[in-house]
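The values are calculated or read from the model by the stated rules, or taken from the named source; none is laboratory data. The structure presented is a predicted model; accordingly, all values stated were derived computationally and were not measured. Every residue, glycine as well, gets a Cβ built from its backbone with ideal geometry; the counts of neighbours run over all protein chains shown. For accessibility, only protein heavy atoms count, side chains too; no ligands or nucleic acids. Shrake-Rupley method; radii C 1.70, N 1.55, O 1.52, S 1.80 Å.
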Amino acid sequence: MRMNHMIHYLKQLSGKVNPSMYASMQDQSNPHHISMLRQMQKEMKMKNTLEVPLNELRVVVFDLETTGFYPNKGDAMLSIGAVKVTGELIEKDTFYSLVQSSTAPSDEVTTLTGITEEDLESAPPLSDVLARFYQFMKGHTLVAHHAKHEQAFMQHASWSLMRANFDHRIVDTSFLIRIVDPEQRGFQLEDCCTTCGVEVKDRHNALGDAKMTAELWCYYVKKVQELGFTNLREVYERVARMG
C-alpha cells in the first residue's frame, strides 16, 4: 500500500496523468471552442510551478457540482465555480457557470445543489464553459478539495471533447492538511472549515464551495510555510514520504 501511495504522488510530482480511455459523448460543440481548448491545453503543459515560492504562487481554487461520482459511467458536470488566490490573498476575481447537460439531476441532487433540469436546459454547452474556464485559469495552478473528483471529471471532459488527456496539475488541499495535522483522517469540507474557523456558507454551490476551499488553502499555506516549506515540490516530496 505504501508503494502505491509513493507511485501516485511521484506521478503528481511529475505532472503526468496516465492515459484513460473514456466512452464517447455526443456534444454539439463549437469548433472554435474546441480549437481554443486544444491551444490552452498545450500552453498549460508547458508551465511548471513546483519551484514557485508558496507566498507567490498563483492558484485557481475550483469546485464542480456533478450528477454523481463516475463520469465514465454517465455522470455529468452541472456547474463550475472558481476563485483566484495569490499566496495567502483571496482575490475578487471569480468564475461561475452552469453546464448544459442531457443527464437530468436526480431529485436528491436538485435538493442538495438547487440545480434543476430547467436550469441546465438553458445553460451553455460544456465546450463553451471549459473554454471560458481555461481562459480564467490561464497561468495559474489548480487547487481543489478532494481533487480526485475534479480530476476525473476534467479528464473525462477533455477526452470526450478533444481526445486529449487533461495534464494540468490539480493540487489537493488535503496535501497541506496532512502535513500540518498528520493525525487527521476526515476531510469533509465542512468539517475542515469548522476546524479552521471558516464559515460554512453556500454549501454544495460550486462557487460557494470554491470560496470556502480558498479560505482553507490560505490557512494551510500559512501553516506549512511556518513549518519551513517553501514551494510545492517540497510539499509533494513530504506527502510522498508520508505514504
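On the principal axes of its alpha carbon atoms, segment 46-116 extends 44, 26, 17 Å, with the longest extent given first. Here the peptides 88-99, 193-204 are ranked by packing, the mean other Cβ count within 10 Å, and the order with the highest first is 88-99, 193-204. A probe of 1.4 angstrom, applied to the heavy atoms of all protein chains, finds LEU227 with accessible area near 100 square angstrom.
Here the Karplus relation 6.51 cos²θ - 1.76 cosθ + 1.60, evaluated at θ = phi - 60°, turns the backbone of segment 160-171 into coupling constants of 5, 7, 10, 6, 9, 6, 8, 9, 6, 5, 10, 7 Hz, with x for every Gly and Pro. Using only protein heavy atoms and a 1.4 Å probe, report how much of ILE179 is accessible, in Å² to the nearest 10. Result for ILE179: roughly 10 Å² accessible. What the phi angles of segment 93-107 give under the Karplus curve with 6.51, -1.76 and 1.60, with θ = phi - 60°, is a coupling list of 6, 10, 9, 8, 7, 6, 10, 4, 9, 7, 9, 6, x, 5, 4 Hz, glycine and proline written as x. When LYS84, LYS148 are compared by accessible area at a 1.4 angstrom probe, the order from most to least is LYS148, LYS84.
Which sequence of ARG233, ARG178, ARG185 reflects their accessible areas, 1.4 Å probe, from the largest down?
Putting ARG233, ARG178, ARG185 in descending order of accessible area: ARG185, ARG233, ARG178.
Rounded to the nearest 0.05, the FRET efficiency derived from the C-beta distance between GLU88 and ARG132 at R0 = 25 Å is 0.40.
Solvent-accessible surface of protein heavy atoms, probed at 1.4 angstrom with all chains present, puts TYR70, TYR134 in the order TYR70, TYR134, largest first. What segment 38-166 shows is 46 Å² of accessible area per residue, with the surface traced by a 1.4 Å probe over protein heavy atoms.
As a fraction of the 1.4 Å probe accessible area of segment 160-243, surface on carbon and sulfur atoms comes out at 43 percent. Dividing the radius of gyration of the alpha carbons in segment 59-211 by their Kirkwood radius gives 0.95 for Rg/Rh. Summarising the label geometry, the points placed 7 Å from Cα in the beta-carbon direction at GLU118 and ARG185 lie 4.6 nm from one another.
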